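S.K.: Next up is a structure, given as structure tokens.
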Amino acid sequence: MDSMKQKLVTMKNELERIADTGDDPAAVVQLDQTKVGRLSRMDALQAQAMAQASGERRAAQLREIDAALRRIEDGSYGECERCEKPINPRRLDADPTARLCIDCASSVE
């Protein structure tokens with residue numbers, strides 16, 4: 001359990017580090033044509049949309065990691081939230097944030 005907790009903490013730290021680095025491509029795009037050409041603005045708008053989507057995915061991953069860490073603390077980690085059977089350790093190794101066993105996850109999809 002300690003190794004999974006450490007793996008989750010490492011994942012969380014990495015995601016937070018990524019969020020804190022570099023300039024902010026999700027910032028408001030300037031629409032002043034005297035400063036930026038039309039194609040450059042289009043590129044900037046696309047980069048902005050991609051940065052926002054990445055930020056949303058990162059936030060969702062952080063929520064999943066925090067939820068997994070809470071499950072470790074309350075003792076329910078590794079137990080399927082749907083059928084309450086143990087989740088295969090190989091599945092948890094591949095995705096430490098997994099909430100469902102493979103059977104329940106397959107039926108949800």
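Bear in mind that the values in this text are calculations on the coordinates, not laboratory data. None of the values given here were measured: they were computed from a predicted structure.
S.K.: Non-local amide H neighbours of E79 (under 5 Å, H modeled in plane, Pro and chain starts lacking H): which ones?
M.R.: I87
S.K.: Can you compute 3J(HN,Hα) from phi for each residue in the range 86-94, using the Karplus curve 6.51 cos²θ - 1.76 cosθ + 1.60 with θ = phi - 60°, rounded to whole Hz and x for Gly and Pro?
M.R.: x, 7, 3, x, 5, 5, 5, 5, 6
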